[in-house]
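First up is the structure itself, then whatever we jot down about it.
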Amino acid sequence: MEQDPQAVRRWHQETWPEIRAKARKDGGEILFADQVGIRSDQVTGRTWGEKGRTPVVRRSGNRFSVNAMSAISTRGRMHFMVFTESFTAEVMSRFLDRLAGHFDHKAHLVVDGHSAHRSKKVHNWLAAHPDDVELHFLPPYSPKLNPDELVNADLKHSLPKQHRARNQAELAAETRRFFHRRQRQPHIVRSYFGGPHVRYALDENPMSF
């Protein structure tokens with residue numbers, strides 16, 4: 001309800017073409033990023049059961065969580081970081097450090113308007129690394145413009161349903177296994193761009209829309 005249709009139209013007609021043009025000009029690569037939280041008590045799946053007998057999955061009574069940040073491109077690349085603290089400007093700067101270390105060309109990173117993304121600390125990091133990463137912001141309340149949202153859904157759906165993590169360390173390990181598996185499956189990473197979200201064309205050059 002809070003989404004601004006005019007802002008979404010500007011994204012399609014002005015902002016996105018400008019990002020594509022910048023990436024092509026400097027030989028860069030466009031990625032979409034998002035953060036996600038995974039809780040020990042979240043529902044990760046459903047199943048059939050005999051009438052009158054509800055299926056039971058044993059799990060820990062302890063509550064714990066981990067967080068993750070990921071970035072994907074239509075070339076099938078995925079980069080991620082799993083962490084246990086809250087998502088802050090410090091965490092975002094650390095993710096940018098890691099991301100920049102994986103590229104020998106500029107990364108154009110598309111993100112939402114989270115306060116950490118717009119923080120002074122992140123602004124200073126970007127100013128100190130103008131040739132490494134440039135941030136671009138999606139319109140507010142527009143998750144369907146970000147294919148990385150499908151990564152979050154895939155992660156939660158793919159977590160083990162029978163054997164549930166007993167502590168935070170196990171949950172973090174399961175989360176890392178998911179991301180490492182997807183990194184070896186670029187065809188699945190590319191498929192996120194053709195889902196129910198806005199479709200982004202798949203090519204070997206900076207993305208076309």
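The values are calculated or read from the model by the stated rules, or taken from the named source; none is laboratory data. Given the structure is predicted, the values throughout are model-derived calculations rather than measurements. As a convention, Cβ positions derive from the backbone with ideal geometry for all residues, glycine included, and neighbour counts pool all protein chains shown. Heavy atoms of the whole protein, side chains included, go into the accessibility calculation; ligands, DNA and RNA do not. Shrake-Rupley method; radii C 1.70, N 1.55, O 1.52, S 1.80 Å.
Of everything in the range 42-65, what is among the polar types (S, T, N, Q) and modelled with pLDDT under 70? Give them in sequence order. Write out each step before concluding.
The first filter runs over the range 42-65 and keeps only residues among the polar types (S, T, N, Q), leaving 42, 44, 47, 54, 60, 62, 65.
Those that are among the polar types (S, T, N, Q) and modelled with pLDDT under 70: 42, 44, 47, 60.
Out of contact with any helix residue (DSSP H, G or I) (no Cβ under 9 Å at 6 or more places or on another chain), assigned to a helix (DSSP H, G or I) and either open to solvent by less than 20 Å² (accessible area, probe 1.4 Å) or at pLDDT below 95 (or both) - does that describe any residue in the range 26-41? Yes, the conditions are met somewhere in the range 26-41.
In the range 164-195, of all residues being at pLDDT below 95 and of a type in the set (Phe, Trp, Tyr), the one that is surrounded by the fewest Cβ atoms within 10 Å (Cβ to Cβ) corresponds to 193. Considering the range 129-163, and only residues there that are in contact with an Asp or Glu (Cβ under 8 Å, 6 or more places away or on another chain), open to solvent by 10 Å² or more (accessible area, probe 1.4 Å) and in a helix (DSSP H, G or I), the residue that is farthest from residue 192 (Cα to Cα) turns out to be 143.
Within the range 66-95, being open to solvent by less than 20 Å² (accessible area, probe 1.4 Å), within 14 Å of residue 30 (Cα to Cα) and at pLDDT 95 or above holds for 70, 71, 72, 78.
Residues of the range 130-146 that are touching a helix residue (DSSP H, G or I) at 6+ places or on another chain (Cβ under 6 Å) and at pLDDT 95 or above: 132, 133, 136, 138, 139. Of the residues making up the range 167-179, one or more are under 15 Å from residue 68 (Cα atoms), among the β-branched types (Val, Ile, Thr) and in a helix (DSSP H, G or I).
Got a number for residues in the range 80-109 being among the small types (Gly, Ala, Ser), over 15 Å from residue 23 (Cβ atoms) and not in a helix (DSSP H, G or I)? Even if it seems obvious, please write down each step before you answer.
Keep residues of the range 80-109 that are among the small types (Gly, Ala, Ser), which gives 86, 89, 93, 100-101, 107.
From what's left, over 15 Å from residue 23 (Cβ atoms): 86, 89, 93, 100-101.
Filter once more, keeping what is not in a helix (DSSP H, G or I): 86.
Looking only at that region, the number is 1.
Could you go through the range 108-128 and let me know if any residue there is open to solvent by less than 60 Å² (accessible area, probe 1.4 Å), without any contact (Cβ under 8 Å) to a residue 24 or more places away in the chain and either acidic (Asp, Glu) or on the phi < 0 side of the Ramachandran plot (or both). Scanning the range 108-128, I find no residue that is open to solvent by less than 60 Å² (accessible area, probe 1.4 Å), without any contact (Cβ under 8 Å) to a residue 24 or more places away in the chain and either acidic (Asp, Glu) or on the phi < 0 side of the Ramachandran plot (or both), so the answer is no.
Determine, yes or no, whether residue 100 is free of Cβ contacts under 8 Å to residues at least 40 places away in the same chain and surrounded by 15 or more Cβ atoms within 10 Å (Cβ to Cβ). In short, yes.
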